[in-house]
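Note sheet for the following structure.
Just so it is clear, none of the values below were taken in a lab; they were calculated from the coordinates. Keep in mind it's a predicted model, so treat the numbers as computed, not measured. Cβ coordinates were reconstructed from backbone atoms using ideal geometry, including for glycine residues, and neighbour counts include every protein chain displayed.
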Amino acid sequence: MLRRIGILLILVLTLGLTSVVQAQPLTPQHSDPVWQASYWNNKTLTGTPTLTRTDETINFDWGTGSPAAGINADQFSARWTRYIEVAPGTYRFTATSDDGIRVWINNDLIINDWSDHAVRTVSVDKHLGSGHHLITVEYYENTGSAVAKFSWAAWRGEYFNNNNLSGTPAVVREDPTIDFNWGTGSPVPGTINNDNFSVRWTRTLNLPAGNYRFSVTVDDGVRLWVNNHLLIDKWQVQAVTTYTGDIYLPGGDLPVKMEYYEGTGQAVARLSWSTIGSGGTPPPTPPTGTVIVDNGGTGFSTGGAASSWRTANEGYNGTMLWTKNNRTEQANFNWAKWSPTLVAGGRYEVYVYVPYWYTTTASAKYLISHQGGVATRTINQSIYDNEWVSLGTYTFAGTANDYVYLSDITGETYLSRIIGFDAMKWEPR
């Protein structure tokens, strides 16, 4: 059938005809990671679909436009089908639409908002047993704006039959929470090992702005990223242990990723979070005229052996560079320079942001070029923990001669230390 449809489409294109080729409805497969979508040029999902395609998500705001060429801007309908594989638990399903929408889980109609209306959202909690479940979402648009969105609150869990998350996952499923104590058993008996397995969970959380404390309890290793910031890194064999990390979040949709591995013996993986205090306080606003030059941004440049540079999801804005040290100046040594664009010349205090990770040198030599010459400040990066460290206050001319320079030359034993290269800040004084 698909071959005949393809031949017909080639004939239509060859003859230059403008009619839309009718398509047959698509059937979802258990392993599909996408939605099988069918669109009709009527409000009742009747007849042969005008268009079939796959959609990665149901997250559409077409306004007064059309979903695709050949589909009406008004009075059309759509059906999306997909299997999801889940762990047992209660899931929240949410549909947002203008106009009608309805949702089935297997044969159970859980959302029925099949009427003309402005944009509105309906949520339903439903317990699902282990295994595959067929989701069907139907939608129609009458006139005006067209919105169709559907989602569910769950963690995407990728399970590997090794302890380093390598290769293709053996199982991909939805987990309602990360709250597991498998003992000496398997997360998926018969498919995933009892020992020497690993898991990566990902999800987007929508949280109000504030200070948060994330807590993980594991046996064995764990890494946790919150809003692309590596908050907890305990990738090691250990008995059941709990770790916490605090972070200010700006609010809205924020990515969270937790990686876990089990060596042998007991297997435990848990994640939770809570607000700290009554709502949290954002970082203080720097004085007017403050200039920050981050690694990779405007005003930042590097030199030396490209193969020696490394990147990490750590530090200011969640990224940094690092390299290992040279004892003395060598050919093609690594260096970086931060050059600010100051509003005007004057007195500025200069700060360097020193991340907790990838900063083991005790002898990072910063050269601060200012109006009066070049000053040198040596910083023990290993004693700081994600904080701004002052390099002193100087008078700057507001020209290209204003910069801070740092190289990998520390005087310490060759390749024995790590130097971090992150952000610089100039604050008016």
If one compares the long axis through the Cα atoms of helix 2-15 with the longest principal axis of the Cα atoms of the chain, the angle in degrees, nearest 10, works out at 80 degrees
Can you list which of the GluC sites (Glu not before Pro) found in the range 282-391 are DSSP loop residues with at most 12 other C-beta atoms within 10 Å?
-> E329
Taking the inverse of the average 1/r across all pairs of different Cα atoms in the chain, what Kirkwood radius in Å do you get?
-> 25.9 Å
Who wins for biggest fluctuation among G289, G315, G221 in a Gaussian network model of the chain, springs between alpha carbons below 10 Å?
-> G289
Extension reserve of the N317-S274 stretch, reckoned as 0.36 nm per residue once the Cα distance is removed = 13.3 nm
Straight-line reach from K234: which lysines have Cα under 21 Å away, leaving out those fewer than 8 places along the same chain?
-> K257
Kirkwood Rh over Cα pairs of the range 162-275 into Stokes-Einstein at 37 °C, 0.692 mPa s: D in µm²/s?
-> 226 µm²/s
Pop out the ³J(HN,Hα) list for the range 301-312 in order, Karplus 6.51 cos²θ - 1.76 cosθ + 1.60 with θ = phi - 60°, rounded to Hz; leave Gly and Pro as x.
-> 9, 9, x, x, 6, 4, 5, 8, 7, 10, 10, 8
Give the residue from F214, T143, A423 lying farthest towards the positive end of the charge dipole for the chain; charges sit on Cβ (+1 for Lys and Arg, -1 for Asp and Glu) and the dipole is referred to the Cα centre.
-> A423
Got a sec? How would D294, D108, D55, D402 order by Cβ neighbour count within 10 Å, fewest to most?
-> D108, D55, D294, D402
About its Cα centre, the chain carries a charge dipole, from +1 on Lys and Arg Cβ atoms and -1 on Asp and Glu Cβ atoms, whose size in debye to the nearest 20 is 560 debye
Isotropically averaged projected area of the range 346-409, using the convex hull of Cα atoms (one quarter of hull area), nm² = 4.3 nm²
Sparse-neighbourhood loop hits (chymotrypsin sites (Phe, Trp or Tyr not before Pro), the range 328-429; DSSP loop; Cβ within 10 Å at most 12 others) -> Y414
With no solvent and one point on each alpha carbon, what is the Debye value of log10 I(q)/I(0) for the range 269-384 at q = 0.23 Å⁻¹?
-> -1.63
The residues V354, V34, sorted from fewest to most surrounding Cβ atoms within 10 Å, come out as V34, V354
Per DSSP H run of at least 4 residues, take -39500 (n - 2.57); add these up for the chain, divide by its residues and hand me the 222 nm value, nearest 500 deg cm²/dmol.
-> -1000 deg cm²/dmol
Sorting V171, V352 on the 10 Å Cβ count, fewest up front, what's the list?
-> V171, V352
Work out, step by step, the length gained on full extension between I110 and Q371: first 0.36 nm times the residue separation, then minus their alpha carbon distance; give nm to one decimal.
-> 87.0 nm
